[in-house]
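Working notes, structure below.
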Amino acid sequence: MVIDLRLSNFQSTRWLLYTEQAPSAWLNFALCGLVGIITAYAFVWISKYYTDYKHEPVRLLALSSTTGHGTNIIAGVSLGLESTALPVLVISVAIISAFWLGQTSGLVDESGNPTGGLFGTAVATMGMLSTAGYVLTMDMFGPIADNAGGIVEMSQQPESVREITDVLDAVGNTTKATTKGFAIGSAALASFLLFSAYMDEVAAFAQLPFKEVDIAIPEVFVGGLLGSMLIFLFSAWACSAVGKTAQEVVNEVRRQFIERPGIMDYKEKPDYGRCVAIVASASLREMIKPGALAIISPMAVGVIFRILGHSTGQPLLGAKVVASMLMFATVAGILMALFLNTAGGAWDNAKKYIETGALGGKGSEAHKAAVTGDTVGDPFKDTAGPSLHVLIKMLATITLVMAPIFL
């Protein structure tokens, strides 16, 4: 119903763009909106296929748990890597289709050159984002179901109640994974537009043509390497933050068990506030390094290569290196985010599938291996993966705003 409503809205609003100079332009841009809506649906469907235990990938991952912890991890990593293929194909088709629909709309500048390509891509992005209300609803379902399960377990409700919340939790894991796929797809489309805006801004400030980035130039290629490195280093620090915080919480829990032995017999109340304080403090403290890396890196690279460029007679070198850095970081970030989000969701639902009674159920060796996979997957899907969505958009925004200092 949401898709049907958006389609009718796009048809009507694009018709308002009718102009005699390009009589078919409104239809082309309406089709661009349709491309965006189809892209959103495709991303949701692909994410669901790879993370829902009703489908083969998660069931095969659960089956790998029967042969040990190592095979579960290997299968999960393999599934995550495989899951990047279809989304990349979808986003590639979407960008090219929307751009060429805009280019062939008939809109031209004073010199007769087509000008609708980027606008077509922008319309496709808006088409994808037009379903955001529905997607946000699905995203909120996951945490609600997860917390409901936690409350049921802490309040010692009957096993039958926990079974119901487990089913809801599994559905919530799938909806969270689908919305993360949607988020990275929209980030890819938006980043393409911001990259084009960056090149236009550089050309306007420098009063020099800046239409392409040649990665055959050594300095520009190095910028691409630095952009790719930025994604991996950021992801490493994000996952490391989870590991350090988890160690602090485990040590605190062990301390409370020693000092308050009655906790295990429900005779003494644990100090929940201390654990919450540790997590809240660490969540702010541990993200200082990744945040600073994302902000400082593009500015530092741009300024360093600007100085080098002016000393060698290449006034646009700094801007070109930053453009390469942004381009490679966006590509690497999209792939890494898809891998982390999907692998983490699949590991979680493989555990949930076994807990439904499959492959020995709770307490079995397969379940223990699946719990290990879920533990690895949590920082993937809940920390590093979602953080990359923000990083990709932030890099594009920072380079756009700071473009003048690279010249």
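What to note about this one:
- Kirkwood hydrodynamic radius (C-alpha pairs) into Stokes-Einstein, the chain, 20 °C and 1.002 mPa s, D in µm²/s: 91
- Contact order, relative form, for the range 2-406: 24 percent (alpha carbon pairs under 8 Å, 6 or more residues apart, mean separation divided by residue count).
- Relative exposure of Met229, Met126, Met327, judged by other C-beta atoms within 10 Å (fewest first): Met229, Met126, Met327
- As a length-normalised measure over Cα pairs under 8 Å and 6 or more apart, the relative contact order of the range 72-189 settles at 24 percent.
- Counting other Cβ atoms within 10 Å as a rough exposure proxy, the listed residues Met138, Met287 run Met287, Met138 from fewest neighbours to most.
- Here the Karplus curve 6.51 cos²θ - 1.76 cosθ + 1.60, taken at θ = phi - 60°, turns the phi angles of the range 246-261 into couplings of 4, 4, 5, 5, 4, 4, 5, 5, 4, 4, 5, 5, 6, 7, 10, x Hz, with x standing for Gly and Pro.
- Two-site FRET efficiency, Thr71 against Leu233, from Cβ-Cβ distance with R₀ of 22 Å, rounded to 0.05: 0.15
- For the range 247-298, the set of trypsin sites (Lys or Arg not before Pro) satisfying both a DSSP loop assignment and a count of at most 14 other C-beta atoms within 10 Å is given as Lys267.
- Modelled spin-label separation between Lys362 and His55, with each label point placed 7 Å from Cα along the Cα-to-Cβ direction: 2.8 nm.
- Computed E for Asn251/Lys211 - FRET, C-beta separation, R0 56 angstrom, nearest 0.05: 0.50
- For the range 323-336, putting each phi into the Karplus relation 6.51 cos²θ - 1.76 cosθ + 1.60 with θ = phi - 60° gives couplings of 4, 5, 4, 5, 5, 5, 5, 5, 5, 5, x, 4, 5, 5 Hz, in residue order, rounded to whole numbers and with x for Gly and Pro.
- Unit charges on C-beta of K, R, D, E only; dipole of the chain, Debye: 400
- Remark: the range 266-368 carries a charge dipole of roughly 120 debye about the Cα centre, counting +1 on each Lys and Arg Cβ and -1 on each Asp and Glu Cβ.
- Only DSSP H runs of four or more residues enter the estimate; each adds -39500 (n - 2.57), and after division by the residues of the chain the mean residue ellipticity at 222 nm equals -27500 deg cm²/dmol.
- Choice from Ala346, Ala145, Ala40 showing the highest fluctuation, given a GNM over the chain with Cα pairs closer than 10 Å: Ala145
- Karplus-derived 3J(HN,Hα), 6.51/-1.76/1.60, for each residue of the range 272-286, Hz, glycine and proline x: 5, x, 5, 5, 4, 5, 4, 5, 5, 5, 5, 4, 7, 5, 6
- Part-to-part distance (alpha-carbon centres) for the range 315-361 and the range 257-274, which is given in Å: 38
- Placing a label point 7 Å from the Cα of Leu308 along the Cα-to-Cβ direction, the residues of the range 198-228 with a backbone N closer than 19 Å are 213-228.
- Considering only Gln247, Phe210, Ala384, the residue lying farthest towards the positive end of the dipole of the chain is Gln247, judged by Cα position with unit charges set on Cβ.
- Distance (nanometres) between label positions extended 7 Å along Cα→Cβ at Ser78 and Ile405: 4.7
- In plain terms, the residue of Phe192, Phe29 with the fewest other Cβ atoms within 10 Å comes first and the most crowded comes last, giving Phe192, Phe29.
- In this simple spin-label model, placing a label point 7 Å from the Cα along the Cα-to-Cβ direction at both Trp45 and Val276 gives a separation of 4.4 nm.
Quick note: the coordinates plus some simple rules give every number you see, no bench work behind them. In this text the structure is predicted, and so the values were computed from the model without any measurement. Here the Cβ is made from the backbone with ideal geometry for all residues, glycine too, and neighbour counts use every protein chain on show.
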